[in-house]
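Read the structure below first, then the notes.
Just so it is clear, none of the values below were taken in a lab; they were calculated from the coordinates. Given the structure is predicted, the values throughout are model-derived calculations rather than measurements. Note that each Cβ is placed from the backbone with ideal geometry, even for glycine, and that neighbours are counted across all protein chains shown.
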Amino acid sequence: MLRAMIRRTLLSVLILFLVAIFVFLATEVLPGDALDVYLSEDDVAVMTEEDIEEMRHDLGLDIPAPIRFFTWLSGAVVGDFGVTIVDQIPIGNIIFHPLLNSLQLGAIITLITMPVAFAIGATAGYWRGQRTDAVVSTTTIIGYSIPDFVIGTVLIIIFAVWIPLFPAVITAYNKAHPMELLAVSLLPAITVIIGHVAHLSRLLRAGFIETMNSDFVERARLSGVPERRVVWRHVLPASVIPTLNAMALYMAGVLSGLIVVEKVFGYPGLGIELIEAVDTREVHVVQAIAFLGAVLVVVMNLLADFAIIALDPRVRSHVSER
Amino acid sequence: MLVNGKSLGAILTHSPGTTVGVILVSLHLLNALFAPLLIPYGETQLVGQPMLEPGHANFLLGTDVIGRDFLSRLMMGGRTSITVAMVGVLGAVLIGTFFAVSAAYIGGFYDDVIMRIVDTKLSIPGILFVALFVVGFGRSVTVLTIVIGLSYFPGAVRTIRSQAMTQVPLAYVKAARLRGESTLSVIFRELTPNVVEVVVVEFAIRTSSAILIVSALSFLGLGISPPTPDWGLMVSEGVNQIYQAPWLILFPAVFISTLVVGLNFASDGLANALGLDAARGLHGG
Amino acid sequence: MPLLEVKDLRIAYQNPSTGEQMLAVDGVSFKVEPGETLGIVGESGCGKSTLARALMAYCRPGGVIVGGEVLFDGNNILEFTDEQIRELRGRRMAMVPQDPLTSLTYHMKVGPQIDEILKIHQQLGAHAARLSTLKLFEGTNLPTPEKSYGRYPHENSGGQRQRVVIAGALACQPDLLILDEPTTALDTTTEMQVLKLVKELRDRMGTALIYITHDLTLTDYICENVLVMREGKVVERGKATEIFSAPQTDYGKMLVAAIPRVDAAFPEPAPAIDKQEASTATLLLNVENLSYRYAQRWSIDALFNPQQEELAVDNVSFELRRGETLGLVGESGSGKSTIANIVVGLMAPTSGEVAFDGASINMIDKFRSAELRRRIQIIFQDPLSSLNPRRRIESILTRPLKIFFGMSGAAARDRAVELLEDMELSADLLKRFPRQLSGGQQQRVAIARAFTAKPDLILCDEVTSALDVSVQAHVLELLKGIQNKTGAASLFISHDLGVVKQVADDTVVLQKGHIVDAGTTRSVFGDPTHTYTKLLLAAASRREDYADLSTAAPTTAGALRGR
């Protein structure tokens, strides 16, 4: 069991290393270095070759790419992502509070999404093919088909414009108190939750139905085990296990969703920072945020792997298959 | 056309939801195809007073913030994102099929390398992935299409590979190998025809997801740039007028939502009719 | 009053896409007296398992009981409330399912799964339930009850799992025990142990027994009365011994006649001329000191998880002459399929020498010449999966013709039709897809495909095991026919001793990768010298002295412990 967990952890580290290479390649090598990306055509037109070379030297971009990569990576591991191009502010300082704010919102969303999706998925799966199931299926398809930004904006129109219960735009700052942010998190959270509950509940429904049709459920029923016990003791653990990895991947979706709702509601999180950084072409900030996002996804996936190892005795003894 | 012994007609009218989906998608596709012939005004032309209300004598749905005909913009507003999504996903699924099937058949180190690349991409949340490319390569329709292709490639490889893995150990593949078929021949002639259903469903499901992503990107200002009309962009342009002219948001919202709802109903029906599980193909990203 | 009475029971399945109903069980009636043993026999798809579940008022999703009654103790249980029927299940009537591995909940240890039944029906506390379960495990001859109790299902062997499931079914000493093909997932020797156990338990507890199987010899061994089912209907019923010795209906006769039996007479010796030719015939395949160890595939996973595999084939030698048939017999895991894979080139031997027509063929297929690949052909176990589902039969048969002989168009088509005719199939099949054919037809197409190459050696890997008994014999006959016609030699691999006895000139018996017995089929079967061979023969002919043999042969205990 321990060996399986170590193995999974090492694989995750490998994946993160590959992510780092990819992030670096996509921004600093393939399109040219960070300065090429940063400077617009107008900038280049008014600057001399020497100016650009000097800037490149100041930013340390004249060092060969592989060395720069390892310098960047060794910094990134301890949370040092370098400085911004325009005014040399440490990137860690810029993104620290937005990161916490985003994590807080993301945690709220995840904590609500999981149990709700679970209840809906199991209910629909248990009464498969019946009215409840049909209603759930139709609603969930609609739920994940409507874009987050549409749900968010429509919620604003309804609950801020037509019925003025909430402010249309959140005015909290980066360093706002967590409780203050919590108070304005309701609409953004609902916006993301709708789509993700819809997605996850469909996944869980499929897992639940598959388990309900398995031989061991039939044996339990034919042994006179009460239905309630069949569902709770035999079916539920078995239907969750195969969906855990997929659930972890959905957290990647929550992150994407967060970026959108932060923009819609003006929530002071990483999404706002990201869009600003793309607009001002601050390559290093985008790199840092993308890398942190991947770290989060990989960690979630690793936790899912651990949960599977803990829950599924078959995986514990045959770690080789995947 | 017969798939699994079912006619295309039977598949498309599998359930009421599927029928509704197929009708919605058809209407949207017809509109996207013929909109240039139907629109009353040029979609980027300034033709009237700004922010005229819907129901105006000359402008059925009024005008936008700077006085362009809103109906014309709405009708044209899906073309770019639909094209970007379809071309990107089609490329991803077609190339992905080759890599998926060959990885499943050849296995070993080759398979490992492909799957680790897939894992790497799946670890980077969708919008962050696009943001990396947009900041590096700038925003244009070409970059966007390629990025969409790259975004959906790994997921497609994963789903199609797992289907191919169910086929590889079967005796017909061994039989082909033993009579001396080349590796490419086994991949294309023997295996690929047996993963076609999954490929079709992958394409359908991922296209709708790609349309969502493209419009979200446009909303964020990372996707299609003005003055090209795009529903996601139109919603974000309308946000500042949310008190005075909420319809500037609501109309594009309805257009984009009906398209994606239709696509998802249709692909769910398609997956059901082919005996596949649509929920399995919906891995985030 | 009978314990169980079934009156005109009809069960239908609804096709989910077309909505039309198909009767799986069509007007079945019978009675079971207390303590009686009834066998229900039929081929796959005859509705016997659906019937078995309906006896406990249970249908799988999509199935509906559309008519009839199931009277248990005189009460129609089909009219019971959910709660009433639940009270009955596991307490008064119990079921032993087909596959014990999938039938036990994989994320629970096996002991608590039996405790659960005792807690529910006998209101036992945790400790009392555990003690009862351990006692039940002892009663079903589990070697180490305490250990098994704390294991997960997959950690027990196949035989152990089936004993656990039987213990669960017997937990509340039911009046009626239904066994649904309980041994199909087991090896012959393990199967025999489980059967013996069932018989003992029946005698000890006086439980009425319904035994569902496709194998008539099993009912003969274990049952007093038998029902023969076909297409949802009972076509024959009576005393087990009578049906077995003198079946009344054509279907019954056909079923009995088709059984490949080890205790049947040897087939007619081949004409003397042939025989002489055979003995002087040249050596075709010579296998010397062949060993095979599963090498671990290189992968990132493997780096973290190194494994040591034991030898799958260990120092095996045999030879096969032109035109002759050599039977390779053994249970699953005996290495017989590995040998076939090496000969055909899917694997390369770890050590040893395989020579074909005097030349070494130690290499895998991609290093073999096209000519060599043509001369050795293989027929696989599962006919459906050996034919590409997306290719028409015409393409399946003409493709090898094109590859091996460069034939195409009408010539290839004519040749394909010819081969189909050899297999007694009509040319109409050319336009069909494999799924549109029956299992027997599919296997005949697979045989035809192997013979498109005009091979000198044909490997038959369990070619009849996936087929129903009634078609097995015919397929074997056609195979022998085309083999004689073309003069191909055959390496015939099977776990079924009866089949091998019918077709093989020589036989090699394998156990865990070793040869334990070899010689002419007549000597191996007629006068077995090795204990393991005796054991296999006894198990295959359902002889009672089986158990004595198994205790007398401690060296084979490993094989008996299961798969």
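Kindly write out, for segment C:79-91 in residue order, the coupling ³J(HN,Hα) from the Karplus curve 6.51 cos²θ - 1.76 cosθ + 1.60 (θ = phi - 60°), rounded to whole Hz, with x marking Gly and Pro.
So the J values, rounded to whole Hz, are 9, 5, 6, 3, 5, 4, 6, 5, 4, 6, 5, x, 9.
Just to be sure I understand the model, the point goes 7 Å from the Cα along the line to the Cβ. What's the resulting residue C:199 to residue C:529 distance in nm?
3.0
Taking θ as phi - 60°, what are the ³J(HN,Hα) couplings along segment A:148-158 by the Karplus curve (6.51, -1.76, 1.60), each to the nearest whole Hz, with x for Gly and Pro?
Values per residue, Gly and Pro as x: 3, 5, 6, 4, x, 5, 5, 4, 5, 4, 6 Hz.
Segment A:244-274 to segment C:368-437: how many Å between their Cα centroids?
Measuring centre to centre over Cα atoms gives 55 Å.
Could you identify which residue out of B:220, B:170, B:144 has the top mean-square fluctuation in a GNM of chain B using Cα springs shorter than 10 Å?
Looking only at B:220, B:170, B:144, the largest GNM fluctuation is found for B:170.
Across the residues of B:214-222, average count of Cβ atoms on other protein chains within 10 Å?
Partner Cβ neighbours, averaged per residue: 5.
How many times 2.2 N^0.38 Å is the alpha carbon radius of gyration of segment B:1-135?
Ratio of Cα Rg to 2.2 N^0.38 Å: 1.57.
Would you mind telling me which residue in A:24, A:208, A:159 has the biggest mean-square fluctuation in a Gaussian network model of chain A, where springs connect alpha carbons within a distance under 10 angstrom?
Greatest mean-square fluctuation among the candidates belongs to A:159.
Can you list residues from other chains, or at least 5 along the same chain, whose modelled amide H is less than 5 Å from the amide H of residue C:24?
It is C:11, C:12, C:13, by chain and number.
Taking each full run of DSSP H in chain C as one helix, which ones are at least 24 Å long along their axis (Cα atoms) and have mean Kyte-Doolittle hydropathy of at least -1.0?
Once both thresholds are applied, what remains is C:188-205, C:469-486.
In whole Å, what are the Cα extents of segment A:218-322 along the three principal axes, biggest one first?
67, 34, 15
Could you work out the per residue convex hull volume over the alpha carbons of segment C:324-459, in cubic angstrom?
Hull volume over Cα atoms, normalised by residue count, gives 130 Å³.
What span do the alpha-carbon atoms of the protein assembly as shown cover on each of the three principal axes, reported in whole Å from largest to smallest?
Principal extents (largest minus smallest coordinate, Cα): 103, 73, 58 Å.
Which shape class, rounded, prolate or oblate, goes with segment B:149-200 when its Cα gyration tensor gives a ≥ b ≥ c as root eigenvalues, a/c under 1.5 marks rounded, and past that a/b bigger than b/c marks prolate?
Since a/c reaches 1.5 and a/b is larger than b/c, the shape of segment B:149-200 is classed as prolate.
Enter the angle in degrees (range 0 to 90, nearest 10) between the Cα long axis of helix B:108-122 and the first principal axis of the Cα atoms of chain B, meaning the one along which they spread out most.
It works out to around 20 degrees.
Report ³J(HN,Hα) in whole Hz for each residue of segment A:208-213, in order, from the Karplus equation J = 6.51 cos²θ - 1.76 cosθ + 1.60 where θ = phi - 60°; Gly and Pro get x.
Here the 3J(HN,Hα) series is 5, 5, 4, 5, 4, 8 Hz.
Choose one answer from A:244, A:16, A:222: the residue with the largest mean-square fluctuation in a GNM of chain A with alpha-carbon springs under 10 Å.
Maximum fluctuation in the GNM of chain A, among the listed residues, is at A:222.
So what are the radius of gyration and Dmax for the Cα set of chain C, in Å?
For chain C, the Cα-based Rg and Dmax read 25.6, 77 Å.
Please report, in whole Å, how far the alpha carbons of segment A:91-131 spread along each principal axis, starting with the longest.
Result, largest extent first: 54, 12, 11 Å.
Counting only C-alpha contacts under 8 Å and six or more residues apart, can you give the relative contact order of chain A as a whole percent?
Dividing the mean separation by the residue count of chain A yields 28 percent.
Using the alpha carbon gyration tensor of segment A:166-225, what are the three equivalent-ellipsoid semi-axes (square root of 5 times each eigenvalue), largest first, in whole Å?
Here the semi-axes work out to 46, 12, 8 Å.
Please state the charge dipole magnitude for segment B:2-280, taken about the Cα centre, from unit charges on C-beta atoms (+1 on K and R, -1 on D and E), reported in debye and rounded to the nearest 20.
Using Cβ point charges on Lys, Arg, Asp and Glu, segment B:2-280 gives about 660 debye.
Which whole number gives the average count of other chain Cβ atoms within 10 Å of the Cβ atoms across peptide C:457-465?
Averaged over the peptide's residues, the number is 0.
Need one number for segment B:2-280: average projected area of the convex hull over its C-alpha atoms, nm².
Seen from a random direction, the Cα hull of segment B:2-280 projects 17.0 nm² on average.
Shielding by partners for C:99-109, please: the mean number of other protein chain Cβ atoms within 10 Å of each residue's Cβ.
Taking the mean over all residues of the peptide, I get 6.
In whole Å and largest first, what semi-axes does the C-alpha gyration tensor of segment C:328-380 yield when each eigenvalue is scaled by 5 and square-rooted? Mind showing how you got there, number by number?
Numbers: eigenvalues 79, 32, 19 Å².
That gives 20, 13, 10 Å for the three semi-axes.
Given Cα positions, please report Rg to Rh for chain A, the hydrodynamic radius being the Kirkwood one.
Working: Rg = 23.9 Å, Rh = 22.6 Å.
Reported Rg/Rh (Cα atoms, Kirkwood Rh): 1.06.
Would you kindly calculate the translational diffusion coefficient of segment B:188-260, applying Stokes-Einstein with the Kirkwood radius from alpha carbon pairs, for 4 °C and a viscosity of 1.567 mPa s, and quote it in µm² s⁻¹ without decimals?
The estimated diffusion coefficient comes to 92 µm²/s.
Let me have the relative contact order for segment C:56-165, percent, based on Cα pairs under 8 Å that are six or more residues apart. Please report the intermediate quantities before stating the final value.
Details: 94 pairs, mean separation 28.8, N = 110.
With pairs under 8 Å counted, the relative contact order is 26 percent.
Please give the peptides A:66-78, B:87-99 ranked by average Cβ packing (other Cβ atoms within 10 Å per residue), highest first, as a rough proxy for protection.
Packing order, densest peptide first, comes out as B:87-99, A:66-78.
Give the lysines reachable from residue B:174 as a straight Cα distance under 16 Å; neighbours fewer than 8 places away on the same chain don't count.
In chain and number order, the partners are C:366.
Among A:135, B:84, C:291, pick out the residue whose Cα is farthest towards the positive end of the charge dipole of the protein assembly as shown, where Lys and Arg carry +1 and Asp and Glu carry -1 on C-beta, about the Cα centre.
C:291
Calculated FRET efficiency, residue C:144 and residue A:86, Cβ-Cβ r, R0 51 Å, to nearest 0.05?
So, using R0 = 51 Å, E works out to roughly 0.10.
Find the Cα radius of gyration of segment C:1-150, compare it with 2.2 N^0.38 Å by division, and give the number to two decimals.
Ratio of Rg to 2.2 N^0.38 Å for segment C:1-150: 1.22.
Could you tell me whether segment C:406-461 comes out rounded, prolate or oblate from its Cα gyration tensor? Rule is a ≥ b ≥ c as square roots of the eigenvalues, rounded for a/c under 1.5, then prolate if a/b exceeds b/c, otherwise oblate.
Note, shape of segment C:406-461 comes out oblate.
Over chain C, what is the relative contact order in percent, taking alpha-carbon pairs closer than 8 angstrom and at least six residues apart?
Details: 1074 pairs, mean separation 81.6, N = 563.
Across chain C, relative contact order equals 14 percent.
Can you check what the net charge comes to around residue A:114, using other residues whose Cβ is under 15 Å from the Cβ of residue A:114 (Lys, Arg +1; Asp, Glu -1)?
+2
Can you tell me what the convex hull of the Cα atoms of segment B:102-209 projects to on average, as an area in nm²?
Over every viewing direction, the Cα hull of segment B:102-209 projects on average to 7.8 nm².
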